[in-house]
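Student: Encoded as structure tokens, here's the structure I'll be asking about.
Quick note: the coordinates plus some simple rules give every number you see, no bench work behind them. Predicted model, so just to flag it, every value in this text is computed and none were measured. Note that we place each Cβ from the backbone using ideal geometry, even for glycine, and neighbour counts take in every protein chain shown.
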Amino acid sequence: MELDFSRQLHYWWALLPEIVLCVWGMVVLVAGVSGKHAPGAADPDEGGDPSFSGGADLGWLALVGVLGAAMANGWLYGVHEVGNTSMIAIDGFRLFSNWIFLVAAALTILISFSYVYRQRLQAGEFYGLILLASAGMMFMAGARDLIVVFLGLEVMSISVYALTAFNRRDKKSAEAGLKYFLLGAFATGFLLYGIALVYGATGSTNIAVIGEIVSGGTASPRLLAVGIALLTIGFGFKVSAVPFHMWTPDVYEGAPAPVTAFMSASVKAAAFVAFLRVFVVAFDSVHELWYPILWWLAALTMVAANLMALAQSNVKRMLAYSSIAHAGYLLVAVAAANENAAAGLLFYLFVYTLMNIGAFAVVIGVAQHGEEKLQIEDYSGFGWRHPLVGVALTIFLLSLAGFPGTGGFMGKIYLLQGAADSQLWYLMVILVLTTVASYWYYLRVAWYMWMRDSASSESETAYFSPLPMQLALIVTVALILYTGLFPGQAIDFARASVEGLGTWSR
């Protein structure tokens, strides 16, 4: 049943998923300071079960909020939008993106239970910030106005800054939070100044109106060019594109591992979704102006990140450079700016969220829900001691590398199809070659797991996997294999979601 409504009177219906997350985030925060959930319960190894004690009920409560937002997001499919110049979009592109953020939030919460418990973190604040950060991401995905994009970015960023420095007893976490905050504020200045210049060039901050003015040739060309360049810098920082990636390895290594998983998947997805909407809708008619910049950003990011990842021995740091490399693959889709590329970007973001959070879930378990045993050598013989988890991590690594039969492989195929439609032949070659190079550092971890024995019994890696983490691993492995073997339904859904987003003249 379709429901027509006046956007002037009923804006809040359009923001129902975000409202649910914000309200529920505050509920979790209030519940966390009620006195019942103070950290300090017994260690799990001494008889406690972090799945059902020590504040984990706040995690289940947060998952209820995610479920409520998912129901609200599904309800929006029955809402008919009037016009396309409102500040908040109710289109398939936004709703598909919301599913990515909700899945990422749910998986992050599931893999965080024991980490929060063992590290004696404030569970209410931790889960509440995840919900609020997810709401900010959803604001960005649905924004049709540059000011709303900025507001969503700030809601997301402030929450993630706090999450990065959340473990106050860990100096690395505090250092990572400070670095992320300072560089994030610096990059936000570029984005905001870019918005100001685009407004000066067009007289509007509405993305659709900007597109009409730019295509009509009435925008100030010099102001517009500088504004687009500054917006590219701002978005480039958020997606970790080279050379705006400097913060990523240190922040990912220092942040609590569940937060690193959340950042590497959700923050990147939100930035790419907003990036694509702004550039495809507002600046499509001047594609030749910004296309060369994105071409070189994509090429440089793919090559540099993969080369730096080859030299890493710390698994978290290796996955950080891997995340930068995947940003390069996704930049190919933004540079292509056609319907197949946009659908491929959505599909790839969904699969990347699954395989990256899944890989971090295993890393968290191997690190004993702390920040230890993060070297590749610590995985020696792990596959034979814990075969099911070893197989799961191998699947995640193969999918990240783009091995046939996995969702990661199909995601790269759709990105290549989008690039081919725009005749980006050299970028396609770079994407393929860097993907082949990435096999070395992904399969190096798998080789240590299955082909190397531990030097001694003392170095053998223990593994503790509570019920919520097991559930997350099962879901991620199943979906990665399903999207790799039967991708048709997911890519058709993604294609339907990008219809009407842009003119798709290429």
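Student: Please find the FRET efficiency linking LEU485 to TRP296, where r is the Cβ-Cβ separation and R0 is fixed at 41 Å, and quote it to the nearest 0.05. Spell out each step's value before the answer.
Tutor: Details: r = 36 Å, r/R0 = 0.87.
Rounded to the nearest 0.05, the efficiency is 0.70.
Student: How would GLU154, GLU377 line up from fewest to most surrounding beta-carbon atoms within 10 angstrom? Intermediate values should be presented prior to the final figure.
Tutor: On the way: GLU154 16, GLU377 13.
Least crowded to most crowded, the residues run GLU377, GLU154.
Student: Could you tell me which of the pairs LYS179/LYS238; LYS172/LYS238; LYS172/LYS373; LYS171/LYS238; LYS171/LYS268 are separated by over 18 angstrom between their Cα atoms in the structure shown?
Tutor: Numbers: LYS179/LYS238 14 Å; LYS172/LYS238 21 Å; LYS172/LYS373 15 Å; LYS171/LYS238 24 Å; LYS171/LYS268 25 Å.
Among LYS179/LYS238; LYS172/LYS238; LYS172/LYS373; LYS171/LYS238; LYS171/LYS268, the Cα-Cα distance tops 18 Å for LYS172/LYS238; LYS171/LYS238; LYS171/LYS268.
Student: Let me ask you something else. Residue farthest toward the positive end of the dipole of the range 251-345, with Cβ of Lys/Arg at +1 and Asp/Glu at -1: which of ALA298, ALA265, VAL286?
Tutor: ALA265
Student: Starting from 0.36 nm per residue, how many nanometres of slack lie between GLU377 and ALA174 once their C-alpha separation is accounted for?
Tutor: This chain segment gains 70.4 nm when fully extended.
Student: So how strong a dipole does the range 185-291 carry about its Cα centre when Lys and Arg Cβ are +1 and Asp and Glu Cβ are -1, to the nearest 20 debye? Don't jump to the answer; show the numbers that get you there.
Tutor: Details: 4 positive and 5 negative charges, 18 e Å.
Dipole about the Cα centre, nearest 20: 80 debye.
Student: For VAL23 and ILE474, what does the FRET efficiency come to when R0 = 30 Å and r is the distance between their Cβ atoms, rounded to the nearest 0.05? Please report the intermediate quantities before stating the final value.
Tutor: Values: r = 30 Å, r/R0 = 1.01.
Working from the Cβ atoms, E equals 0.50.
Student: Give me the compactness ratio for the range 190-273, meaning the Cα radius of gyration over 2.2 N^0.38 Å. Can you show the working numbers first?
Tutor: Working: Rg = 16.0 Å, N = 84, 2.2 N^0.38 = 11.8 Å.
Output field value: 1.35.
Student: Ok, one more. What full-extension length gain, to one decimal in nm, is calculated for LEU289 and ALA185 as 0.36 nm per residue of separation minus the Cα-Cα distance? Walk me through the intermediate numbers first.
Tutor: Working: separation 104, 0.36 × 104 = 37.44 nm, distance 2.68 nm.
Difference between extended and current length: 34.8 nm.
Student: Order these by the 10 Å Cβ neighbour count, fewest first: HIS80, HIS326, HIS287. Could the numbers behind the result be given before it?
Tutor: Details: HIS80 10, HIS326 28, HIS287 16.
Ascending Cβ contact count within 10 Å gives the list HIS80, HIS287, HIS326.
Student: When SER497, SER97 are ordered from fewest to most other Cβ atoms inside 10 Å of their Cβ, what list results? Don't skip to the end; give the middle numbers.
Tutor: Working: SER497 21, SER97 28.
Ascending Cβ contact count within 10 Å gives the list SER497, SER97.
Student: Can you compute the charge dipole magnitude of the chain about its Cα centre, using +1 on each Lys and Arg Cβ and -1 on each Asp and Glu Cβ, nothing else charged? Give it in debye, rounded to the nearest 20.
Tutor: On the way: 24 positive and 31 negative charges, 120 e Å.
The calculated dipole for the chain is roughly 580 debye.
Student: What spacing in nm lies between the two simple spin-label points modelled at LEU467 and SER34, each 7 Å away from Cα in the Cβ direction?
Tutor: If labels sit at LEU467 and SER34, their model points lie 2.0 nm apart.
Student: Multiplying the sequence separation of TYR193 and ARG385 by 0.36 nm and subtracting their Cα-Cα distance, what value in nm do you get? All intermediate terms of the calculation are to be shown ahead of the outcome.
Tutor: Values: separation 192, 0.36 × 192 = 69.12 nm, distance 5.41 nm.
Gain on extension, TYR193 to ARG385, equals 63.7 nm.
Student: At q = 0.11, 0.13 Å⁻¹, what is the log10 ratio I(q)/I(0) for the chain, with the Debye formula run over Cα points and no solvent?
Tutor: -0.88, -1.24
Student: Another question about this same structure. At R0 = 25 Å, how high is the FRET efficiency between LEU433 and ALA225 if r is their beta carbon distance? Nearest 0.05 is fine.
Tutor: E between LEU433 and ALA225, to the nearest 0.05, is 0.20.
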